[in-house]
Amino acid sequence: MRRWLLHFAFALLFVGSLAAKGRAPGVLVGNRPLEPAVMRVARAHDLIFRAYATVPHTDLRDLVFAAPGCARSVFVVVLSATFDAEAVVRAARARDYLLRYVYIDRVWDKPRPLAVAVDHAKYAALEMLGLTRYAPSPDLLAIEVPSQCRRAEAIDWRAVWNRNTLEAIESRQ
């Protein structure tokens, strides 16, 4: 390998690491609470907040919403990406409800801890390089939607992790 090419590669690596280091503090503060962002996204999709409820046998809060055209409520829980309380959330699910796990742009019908960890790492790296509008979080959403409620099923929850949404909420507090 030519010596100048090797020097160029190391210089590029050095400049990239300095740029990443300069952006890293914003990434490491990724413990922003997601509930206000969930409320904002739900409101933007015409869901009406009804109440907080506690998931049985946990200290987790359910956000309870009414969806226009749906006879039953929509439940949203901010859940740790470690899925430590997932079994309780799943057991508390009502019949005829669809349970979905949402993390930024991915939706699963079953818990996928490895997939969430990979997506978290991907978005953390992209954020350090300034290549994404999403802020990675140690949390995901568990969303329970009545099976006949198509309107609530179609909600795009990505804005919950959108940096602009999170910054707008922080600036109001």
Q | Long-range amide H partners of Leu98 with built H, under 5 Å | A | Val145, Ser147
Q) Can you work out ³J(HN,Hα) from phi for every residue in the range 105-120, in order, using Karplus 6.51 cos²θ - 1.76 cosθ + 1.60 and θ = phi - 60°, giving whole Hz and x for Gly and Pro? A) 10, 10, 10, 10, 9, 10, x, 10, x, 5, 5, 5, 4, 5, 5, 4
Q.
At 0.36 nm per residue, and after removing the present C-alpha to C-alpha distance, how many nm does the segment from Arg40 to Arg3 gain when stretched out fully?
A. 7.9 nm
Q. Do any trypsin sites (Lys or Arg not before Pro) in the range 27-132 lie in a loop, going by DSSP, with at most 15 other beta-carbon atoms within 10 Å of their beta carbon, and if so which?
A. Arg93, Arg95
Q) Quick one: if the Förster radius is 22 Å, what FRET efficiency do Asp156 and Ile48 give, using the C-beta to C-beta distance and rounding to 0.05? A) 0.75
Q | Backbone HN-Hα couplings from phi across the range 122-135 [Karplus 6.51/-1.76/1.60, Hz, Gly and Pro as x] | A | 4, 6, 5, 5, 5, 5, 4, 8, x, 10, 9, 9, 9, 9
Q: Return the whole-Å distance between the Cα centroid of the range 95-118 and the Cα centroid of the range 33-62.
A: 17
Q) Length gain on complete extension for the stretch Arg90 to Gln148, per 0.36 nm per residue less the alpha carbon to alpha carbon distance? A) 19.0 nm
**Q.** Net length gained if the chain between Ala115 and Arg172 were fully extended (0.36 nm per residue, minus Cα distance)
**A.** 17.2 nm
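Only the coordinates and a few stated rules stand behind these numbers; no lab work does. The structure presented is a predicted model; accordingly, all values stated were derived computationally and were not measured. Ideal geometry is used to build each Cβ from the backbone, glycine not excepted, and the neighbour counts take in all protein chains shown.
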